Amino acid sequence: MHFPEKLLTLRKANNLTQEQLAEKLEVSRQSVSKWESGQAVPELEKIITLSAIFDVTTDYLLKSSEIDDLSVKTGMLEKQQQ
């Protein structure tokens, strides 16, 4: 999975709209939309903030790794079951 897919998955798993995520990041909803569609990439500062919001590492957001994907998906499932 690549960054746009990860961002979309994490946002939806945390029940956030693009607008709500944009407010947390102090950017426009259009910026979040462009990131999720792969038309743009956020600044490093925003990537660090995203990692804090979603409680994942910056490595997870930026690198493509099936092991990381599985561990984050497992964590999201556990969070949903609580």
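The values are calculated or read from the model by the stated rules, or taken from the named source; none is laboratory data. Small disclaimer: the values here were computed from a predicted structure and weren't measured. Glycine gets a Cβ as well: all are built from the backbone with ideal geometry, and neighbour counts include every protein chain shown. What goes into the accessible areas is simple: the full protein's heavy atoms, side chains included, and nothing from ligands, DNA or RNA. Shrake-Rupley method; radii C 1.70, N 1.55, O 1.52, S 1.80 Å.
For the reader, a short list of remarks on this structure follows.
- Checking each residue in the range 14-40 for being at positive phi, open to solvent by 80 Å² or more (accessible area, probe 1.4 Å) and touching a helix residue (DSSP H, G or I) at 6+ places or on another chain (Cβ under 7 Å) picks out no residue at all.
- On the stretch given as the range 33-48, residues that are β-branched (V, I, T), more than 10 Å from the chain's Cα centre (by Cα) and part of a helix (DSSP H, G or I) total 1.
- Residues that are crowded, with 16+ Cβ neighbours inside 10 Å and at pLDDT below 95, drawn from the range 41-82: V56, Y60, L61, D68, V72, M76
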